[in-house]
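Read the figures in this text as sums done on the coordinates, not as results from a lab. Fair warning: this is a prediction, and the values are worked out from it, not measured in the lab. Cβ placement follows ideal geometry from the backbone for every residue including glycine, while neighbour counts extend to all protein chains displayed.
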Ligand SMILES: Nc1ncnc2c1ncn2[C@@H]1O[C@H](COP(=O)(O)OP(=O)(O)O)[C@@H](O)[C@H]1O
Ligand SMILES: [Mg+2]
């Protein structure tokens, strides 16, 4: 057969063409929705800032958009979110890393094969379940131990958010540790290192950027976490460092406004978008950071 | 092989299994002081497994079992109460692919002596090891650079320096030149002659020329068994076993 006949016999495949268009459409829809969401956020947020100054918003210490005298300082909500982030990090990061070290350095294949799937199941539990767990177990527990614990409090929410992101931290850190080549461990053992020294001084440092990326993703999930904090942490915008008090996070505020009867179009309603913009910016930056760090550590070991 | 006074290591009836599968079968082998012993044989015949048993590196592989004894100056390395970490202080190791730590050149060499609290000035120790590994002149002005920026041949010499800094008695090398270019390879071979003055060396190699050039004794393995062991000259020129002859001539031819 010569080239000419090959060319003339080649057919146009309708099925393939349609499929290709279909896939393109799906890709287009997902990009388009993202663009639309960001667009609406931007428009509503800028209309909010025509009525409230950016400095008042970013540096104000009172958040009272519904009651007189009104105040639109986001710091109480930001502070509430930070309390949850710090508290949940204290729970999830060390325990998650320790769990990963166990999985990758000490666990037998059999133990791994049991624990890894369990982590994945834990990561799939709906967050409202964690919220319920916080209210019905953690808060009573805290009230048993400490005196001045409010019914809704940041600590309880932070603890369950920590438990919630723990499987993800463990799993990602485990991946990072296991990406450290075996030959590196052997090199360390060959100069008389104990398994603790190998783990703590060679493997963990070598996996540091992966571990860091896992931490950043965990923090960014804690920032965006909604259900558990709405249920357990309360609805009191409150600029405080005391985790036993009731607070409100940015996400919980958004839920409150969305569920309430705030008239749409009003200034109170627009706060929703301003807060959402802040939330969006923070998580976007965190995820970009994690991505960048993750890519760097993939480069180190091809 | 008869037991001689200058045997540093002696494998006695060593059988090593991965699960059910025996990778090393009833091997008896003596390693002599301040000599270079080469282990040759087709790939998969158990060379690495045998070598790694000498510093208990197989401990990290799941499902490995071992029978027989490995005597290090009359102490069984697998005897009760023997600390594998301690064993590795006496037997240094250089691996098939250079595996420097993602740390500075200096820290690569200094790490082992530091964590083990070896006596003396660490700077001197690092310098001495790097000189012995014929790497000092190339790196003395950038000791704080990352070891990962070195070339493959330099990395392998760094790994040799890392082993030397521990001042072990025996150095185990598993195909140390297989990932290197000819120039780096010949540098490392030159180095072996130097090191022989102070160290006992066991080197696994698939390169017949290398084995015949550098070693005093040669062990030929096939299918997990030690087929022949003797003077390198004799093994290469007057092998006693037909299988050795076939392998050696085949690989040279
Ligand atoms: N970690 C392991 N698990 C199971 N089998 C192994 C392992 N390492 C080596 N083997 C097997 O043991 C035999 C000997 O391997 P090895 O000692 O690496 O040979 P060589 O170094 O001579 O190429 C081979 O058949 C190999 O497949
Ligand atoms: Mg090998």
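Mean-square fluctuations from a GNM of chain A, with a 10 angstrom spring cutoff on Cα atoms, peak among A:218, A:232, A:71 at A:71.
Rounded if a/c is under 1.5, else prolate if a/b beats b/c, else oblate: with a ≥ b ≥ c from the C-alpha gyration tensor eigenvalues square-rooted, which is the stretch A:1-111? Here the stretch A:1-111 falls in the oblate category. Ranked for footprinting exposure by Cβ neighbours inside 10 Å, fewest first, A:264, A:156, A:53 give A:264, A:53, A:156.
Principal axis analysis of the Cα atoms in the stretch A:193-302 yields extents of 65, 32, 20 Å, listed in decreasing size.
In the elastic network of chain B, a GNM with C-alpha springs shorter than 10 Å, the most mobile of B:242, B:196, B:131 is B:242. Look at the stretch A:179-189: the mean tally of other chain Cβ atoms within 10 Å of its residues' Cβ atoms is 5. Classify the stretch B:126-179 as rounded, prolate or oblate from the Cα gyration tensor: take a ≥ b ≥ c as the square roots of its eigenvalues, call it rounded if a/c is under 1.5, otherwise prolate when a/b beats b/c and oblate if not. Judged from the Cα gyration tensor, the stretch B:126-179 comes out oblate (a/c at least 1.5, b/c at or above a/b). Here the simple spin-label model places points 7 Å from the Cα toward Cβ, and for residue A:261 and residue B:33 these points are separated by 9.8 nm. Secondary structure note: in the stretch B:69-211, about 25% of the DSSP beta bridges are antiparallel.
With a cut-off of 8 Å between alpha carbons and a minimum separation of six or more residues, what is the relative contact order of chain B in percent?
Result for chain B is 27 percent.
In the stretch A:63-301, Cα pairs under 8 Å separated by at least six residues give a relative contact order of 29 percent.
Multiply the residue separation of residue A:33 and residue A:244 by 0.36 nm, subtract the distance between their alpha-carbon atoms, and state the gained length in nm to one decimal.
72.0 nm
Of the residues B:54, A:177, the one with the fewest other Cβ atoms within 10 Å heads the list, and the complete ranking is A:177, B:54. By the count of neighbouring beta-carbon atoms within 10 Å, fewest first, B:136, B:111, A:63, A:14 end up ordered A:14, B:136, B:111, A:63.
222 nm [θ] for chain A, helices only, -39500 (n - 2.57) per DSSP H run of 4+, per residue, to 500? Calculated mean residue ellipticity at 222 nm is -22500 deg cm²/dmol. The share of alpha-carbon pairs in the protein assembly as shown lying farther apart than 43 Å comes to 44%. Which of these, B:93, B:173, B:57, has the largest mean-square fluctuation under a Gaussian network model of chain B (Cα springs below 10 Å)? Of the options given, B:57 has the highest mean-square fluctuation.
Within a 10 angstrom radius of each residue's Cβ in B:90-103, how many Cβ atoms of other chains show up on average? Whole number is fine.
4
With kT/(6 pi eta Rh) evaluated at 37 °C and eta = 0.692 mPa s, and Rh the Kirkwood radius from Cα pairs, the stretch A:63-301 diffuses with a coefficient of 170 µm²/s according to Stokes-Einstein.
When only alpha carbons are used to place a centre, the stretch A:101-140 and the stretch B:208-226 end up 52 Å from one another. Does a label point 7 Å from the Cα of residue B:209, set along Cα-to-beta-carbon, have any residues of the stretch B:165-193 with amide nitrogen under 18 Å, and which are they? Once the point is set 7 Å along Cα→Cβ of residue B:209, B:175-193 turn out to lie under 18 Å by backbone N, inside the stretch B:165-193. Looking at the square roots a ≥ b ≥ c of the eigenvalues of the Cα gyration tensor of the stretch B:201-240, which shape do they give, rounded for a/c under 1.5, prolate if a/b is larger than b/c, or oblate? Oblate. Annotation for residue B:80 and residue A:86: the two label points, set 7 Å from Cα along the Cα-Cβ direction, are 5.5 nm apart. For the protein assembly as shown, give me the percentage of DSSP beta bridges that are antiparallel, rounded to the nearest 5 percent. In the protein assembly as shown, DSSP labels about 60 percent of beta bridges as antiparallel.
With just the Cα atoms defining each centre, how far is the stretch A:141-185 from the stretch B:77-135? Give it in Å. Going from one Cα centre to the other spans 37 Å. Computing Rg and the Kirkwood Rh from the Cα coordinates of the stretch B:154-214 gives a ratio, Rg/Rh, of 0.92.
Label reach from residue B:118 (point 7 Å along Cα→C-beta): in the stretch B:27-59, no amide nitrogen lies under 15 Å.
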